[in-house]
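Visitor: So that we are looking at the same thing, I have put the structure below in structure tokens.
The values are calculated or read from the model by the stated rules, or taken from the named source; none is laboratory data. Just so it is clear, the structure is predicted and the values come from calculations on it, not from any experiment. Positions of Cβ are generated from backbone atoms using ideal geometry, with glycine treated the same way; all protein chains shown enter the neighbour counts. Accessible surface is based on the protein model in full, side chains and every heavy atom, while ligands, DNA and RNA are left aside. Shrake-Rupley method; radii C 1.70, N 1.55, O 1.52, S 1.80 Å.
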Amino acid sequence: MNDFIFHNPDKVYFGKNQLQHLSEEILKLGKKALLVYGGGSIKKNGLYDSITEIAKNNGIELFEISGVEPNPRHSTVNKGATICKKENIDVVIAAGGGSTIDCAKGIATAALTENGDVWSLVSGGVWVTKALPVIAILTNAATGSEMDAWAVISNMDTNEKIGLGGSALIPKAAFENPEYSFTLPSYQTACGAFDIFNHVLDNYYFAGEATFDLVLEMQEAVMRTVVKWAPVAMKEPKNYEARSNLMWASSMALNTVLDAGTVHGCACHLMEHELSAYYDITHGHGLAIVTPRWLTYILDESTAPAIYRFGVKVFGIKENLSAMEGAKEAINALSDFCFKTLGLSSTLTDLNIDETNFKSMAEHACAGGPISGLKNLTSSDVEKIYKMCL
Ligand code: NZQ
Ligand code: ZN
């Protein structure tokens, strides 16, 4: 294992009755807030009314930007930044899923730049150390944005979807009430659940140096939690225990607790971000299609033992197989989870995607050099993996 520093300053209020602390968290930061939300789910589940009521009762002046798209656009971020500059906003409040939180983080960053344009920062790979403070109110267990230092922003004009990172992007506080996710449709629950699962698998578990036993066991526990509770939440959307387990798993998967001493890989994420950049698909669904193919592609004598261990620990497959047989069983178990248990369609063809753009997508995914992980991938490897997904 490698040396590591753990520092996550996000204060998490988890549970049913925590929104009462929202005003104190806002007022620590100022009196003028921009509320960022998406297509209206927070109006249907009552969260919008609760936030506006709290603001009204506590002398907080609330401005709004709504309509944040799944796969949030840089143009929407820039509109929010313009409001922040014009109104001298003190704090940006995101209420929604990862797209809304990411958009809020982008707004908070662009608001403090001279030209108010987030894309120049995103495309320039700037590490953000200065941004307005962000408070996240989470409604979808998925991305980990509520506790992490990242915002993924899309530019549909150039077919690019890129992560903006920086210590200043970690929310100052996050409110996680599993009840806010009761209204999530089954498809979105499945996609979010697989996103959580893949953050562990992709970023840490198969990154090549996950040799710190405590962390490895914790990573497997988070993946098992998703396997156990995602189907329950899909069948019983108001099951508080299922929603709680998924919500905390979402935060744990990317708040850096699980990457202590490991090395990041992100193979499937880099491949999926190209898919959603070109075809605007749902991130977790793209990951579910890519991940079993990626494992199949990288399977050989050197990778089989790690893949087999994953199958035993996460899916409970038999322990008396050869490494190669075990690894194949592990990949089958993962495919069954994605396509039977979560019910996600299994090919890119199902999503009306053909091979037209695979070459450019593969080249873009590898623009920073071969993708690292359990096995390094060149653009030609990535193109082959995309073809396996058809
Ligand atoms: O827009 P609204 O009306 O809120 O509806 C959303 C949206 O249509 C809906 N939804 C969210 N909570 C709901 C709800 N509907 C009913 N009830 C609720 N409680 O779900 C739809 C999808 O929302 P979205 O925010 O797009 O989903 P998710 O949380 O999966 O976020 C996906 C985005 O995050 C990025 C993805 O690439 C994608 O752009 N990611 C961000 C990461 C990060 N910041 O660290 C890491 C991830 O790997 C990921 O890349
Ligand atoms: Zn993800």
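Visitor: For the pair SER360 and SER75, how long in nm is the line joining their label points, each one 7 Å along Cα→Cβ?
Guide: Spacing of the two 7 Å Cα→Cβ label points: 1.8 nm.
Visitor: Another question, if that's okay. Probe radius 1.4 Å, ligands and nucleic acids left out: which of TYR386, TYR180, TYR297 has the largest accessible area, and how do the rest follow? All intermediate terms of the calculation are to be shown ahead of the outcome.
Guide: Numbers: TYR386 0, TYR180 30, TYR297 70 Å².
Ranking TYR386, TYR180, TYR297 by accessible area, largest first, yields TYR297, TYR180, TYR386.
Visitor: If you don't mind, another one. Assuming R0 = 51 Å, can you tell me the calculated FRET efficiency for the pair VAL126 and GLU319, based on Cβ-Cβ distance, to the nearest 0.05? All intermediate terms of the calculation are to be shown ahead of the outcome.
Guide: On the way: r = 47 Å, r/R0 = 0.93.
So the FRET efficiency works out to roughly 0.60.
Visitor: Something else about it: For MET234, what is the net charge nearby, where nearby means another residue's Cβ is under 13 Å from its Cβ and Lys, Arg count +1, Asp, Glu -1?
Guide: Working: positive: LYS228, LYS235, LYS238, ARG243, LYS340; negative: GLU236.
Around MET234, the charge tally is +4.
Visitor: Run the reach check for LYS235 against aspartates and glutamates, Cα to Cα strictly under 13 Å, same-chain hits fewer than 8 apart removed. What comes back?
Guide: Answer for LYS235, where 13 Å is the Cα cut-off: none of the aspartates and glutamates qualify.
Visitor: Let me ask something additional. Quick one: which residues, 5 or more positions from ILE137 or on another chain, have an amide H under 5 Å from its amide H? H modelled 1.01 Å from N in the peptide plane, none for Pro or chain starts.
Guide: For ILE137, the qualifying residues are ALA94, ALA95, GLY96, PHE175.
Visitor: Show me the ranking of peptides 82-88, 100-106 by mean Cβ neighbours inside 10 Å, starting with the highest. Each step should come with its number before you reach the end.
Guide: Numbers: 82-88: 15.0, 100-106: 32.6.
Highest to lowest by the protection proxy: 100-106, 82-88.
Visitor: Right, another one. Rank-order 278-291, 248-261 by packing density, defined as the average count of other C-beta atoms within 10 Å over each peptide's residues, highest first.
Guide: Working: 278-291: 23.9, 248-261: 21.9.
Top to bottom by mean Cβ count within 10 Å: 278-291, 248-261.
Visitor: Let me ask something else about it. With r as the distance between the Cβ atoms of LYS43 and LYS340 and R0 = 35 Å, compute the FRET efficiency 1/(1 + (r/R0)^6) and round to 0.05.
Guide: Values: r = 34 Å, r/R0 = 0.98.
Given R0 = 35 Å and the Cβ-Cβ separation, E is 0.55.
Visitor: Which residue, ALA304, ASN239, THR347, has the largest displacement toward the positive end of the dipole of region 203-347 when charges sit on each Cβ (Lys, Arg +1; Asp, Glu -1)?
Guide: Positive-most Cα among the choices belongs to ASN239.
Visitor: Which of rounded, prolate or oblate describes region 186-388 when judged by the alpha-carbon gyration tensor and an a/c cut-off of 1.5? Mind dumping the intermediate values first?
Guide: On the way: a/c = 1.45, a/b = 1.13, b/c = 1.28.
Note, shape of region 186-388 comes out rounded.
Visitor: Now for a separate question. Ignoring any ligand, DNA or RNA, what whole percent of the accessible area of the chain comes from carbon and sulfur when the probe is 1.4 angstrom? Intermediate values should be presented prior to the final figure.
Guide: Numbers: 7880 of 15400 Å².
After summing per-atom areas, the C and S share lands at 51 percent.
Visitor: Just to be sure I understand the rule: take each whole DSSP H helix in the chain, project its Cα atoms onto its long axis, keep it if the span is 27 Å or more and its mean Kyte-Doolittle hydropathy is at least -1.0. Which ones pass?
Guide: Working: long enough: 213-235 (34 Å, 0.44).
Span-like helices, by this rule, are 213-235.
Visitor: What whole-number value in Å² describes the accessible area per residue of region 186-388 for a 1.4 Å probe? Each step should come with its number before you reach the end.
Guide: Working: 7720 Å² over 203 residues.
With all protein chains present, region 186-388 gives 38 Å² per residue.
Visitor: Could you pull out every residue, at least 5 positions away or on a different chain, whose amide H is within less than 5 Å of the one on PHE14? Hs are placed 1.01 Å off N in the peptide plane, and Pro or chain starts have none.
Guide: Those lying under 5 Å, H to H, from PHE14 are GLU176.
Visitor: From the square roots a ≥ b ≥ c of the eigenvalues of the alpha-carbon gyration tensor of region 31-113, which class results: rounded (a/c under 1.5), prolate (a/b over b/c), or oblate? Walk me through the numbers before you get to the answer.
Guide: Details: a/c = 2.38, a/b = 1.11, b/c = 2.14.
Oblate is the answer for region 31-113, as a/c is 1.5 or above yet b/c matches or exceeds a/b.
Visitor: With +1 on each Lys and Arg Cβ and -1 on each Asp and Glu Cβ, and nothing else charged, work out how big the dipole of region 97-197 is about its Cα centre, in Debye to the nearest 20. Write down the numbers at each step before the final one.
Guide: Details: 4 positive and 10 negative charges, 33 e Å.
The calculation lands at about 160 debye.
Visitor: Can you compute the helix-only [θ] at 222 nm over the chain? Use -39500 (n - 2.57) per DSSP H run of at least 4 residues, normalise by all residues, nearest 500 deg cm²/dmol. Don't skip to the end; give the middle numbers.
Guide: Details: 15 runs with 178 residues, N = 390.
It lands at -14000 deg cm²/dmol.
Visitor: I would also like to ask the following. Given the protein chains as shown and a 1.4 Å probe, how many square angstrom of LYS340 are accessible, to the nearest 10?
Guide: Rounded to the nearest 10, the figure is 150 Å².
Visitor: Using a 1.4 Å probe and counting only protein heavy atoms, arrange GLU383, GLU329, GLU25, GLU114 so the residue with the most accessible area comes first.
Guide: Values: GLU383 45, GLU329 80, GLU25 10, GLU114 185 Å².
From most exposed to least exposed: GLU114, GLU329, GLU383, GLU25.
Visitor: With every protein chain in place, what's the accessible area of TYR240 (1.4 Å probe, Å², nearest 10)?
Guide: 70 Å²
Visitor: Considering only the other residues whose Cβ falls under 11 Å of the Cβ of VAL290, what net charge follows from Lys and Arg at +1 and Asp and Glu at -1?
Guide: Within the 11 Å Cβ shell, the charges total -2.
Visitor: Let me ask another. Working out 0.36 nm times the residue gap between LYS238 and ASN115, then minus their Cα-Cα distance, what length gain in nm do you get to one decimal?
Guide: On the way: separation 123, 0.36 × 123 = 44.28 nm, distance 4.43 nm.
Extra length from LYS238 to ASN115 when fully extended: 39.8 nm.
Visitor: Given H placed 1.01 Å from N in the peptide plane, which residues other than close sequence neighbours of LYS161 have an amide H under 5 Å from its amide H?
Guide: Amide H neighbours of LYS161, under 5 Å, 5+ apart: ASN155.
Visitor: Follow-up question, since we're still on this one. Give the cross-link partners of LYS31 among the lysines, using a straight C-alpha distance below 16 Å as the criterion and excluding same-chain residues fewer than 8 apart.
Guide: LYS56, LYS85, LYS86, LYS172
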